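Below you'll find the structure, written out as C-alpha cells, and then a few comments.
The values are calculated or read from the model by the stated rules, or taken from the named source; none is laboratory data. Predicted, not measured: the structure shown is a model, and the values here were computed from it. Backbone-built Cβ (ideal geometry, glycine too); neighbour counts: all protein chains shown. Just the protein is used for accessible areas: all its heavy atoms, side chains included, with ligands, DNA and RNA removed. Shrake-Rupley method; radii C 1.70, N 1.55, O 1.52, S 1.80 Å.
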Amino acid sequence: APFSNEKCKSGLITIDDKKSCRMVQLDLEFDYSNKLPIRKCEVGETVNKIVYHELSNTFLISTLKREIFRPKPKESEGEEASEPEIKNDYRIAAQNYRGSIKVLSPEKWSIVDTLELEENESCTTLNVLNLKVNGTDGNRVVIFVGTGIFQSEDVSTDGTWKLCDLINVVPEPGKPEA
C-alpha cells in the first residue's frame, strides 16, 4: 500500500504472511511498470547489446553510430593502396555504422571507458565468459567480442574475434568509478 511520512516519502508498506511489516522507499528514477526495474541512461549512441560483468560490477554496452561510408581500397598486385577519391557533388553520401564497446558504471551511471572499433566494423556478439585455466583450479573471466566488417554487396563480410579483460586501476581523483 502507498505510504508517506517525513522519513519515508513516496514509499510502500507491506505485510507478509508472517505478519512482518516493512516500509520501503523506491528510487523514483526507475520505471517499475515492467517485471524488472528500468532506468534510462544517456549513452549518446544506439545501443546494440548489453551484458553485465559481475567481477567488476559494470555493464558492457555495444553501441552503433552512423558515419560516412568509406570503402577500403582494393589492393592489386604490385600497387599500393590509395585513399578513395571523394567528390564534392550533390549526391547524398552513403552511410555505414561504426561500433564501440563502452563500460558503464552503475554507481554514477556514467561511461568509464570506451573501446572504439575500426571503420565499418560493428559488434555482432558480446559475452562475458568464464574460462578454465589449464593446470589450475582457477577460472578467468574474459569479455568475448565478435565483430563484423560490413562494406558493400560485392565485397564479402569480414570479421574478428576479440578477447578483452577488465583490470582494476587506481582511480583518478574525483572519479572513484574509474
If you scan region 165-177, which residues turn out to be in a strand (DSSP E or B) and open to solvent by 100 Å² or more (accessible area, probe 1.4 Å)? 172
Check on residue 147, touching a Leu at 6+ places or on another chain (Cβ under 7 Å), closer than 19 Å to residue 62 by Cα and modelled with pLDDT of 85 or more: yes
Residue count, region 120-164, condition in a loop (DSSP other than H, G, I, E, B), of a type outside the set (A, V, I, L, M, F, W, C) and either more than 24 Å from residue 50 (Cα to Cα) or open to solvent by 70 Å² or more (accessible area, probe 1.4 Å) (or both), comes to 11
Could you tell me which numbered condition residue 98 fails, if it satisfies all but one of (1) exposed (fewer than 15 other Cβ atoms within 10 Å of the Cβ); (2) at pLDDT 85 or above? (1)
Which residues, counting only those in region 42-58, are loosely packed, with under 12 Cβ neighbours inside 10 Å and acidic (Asp, Glu)? 42, 54
Scanning region 103-119 for residues that are under 19 Å from residue 149 (Cβ atoms) and assigned to a loop (DSSP other than H, G, I, E, B), the one nearest to the chain's Cα centre (by Cα) turns out to be 117
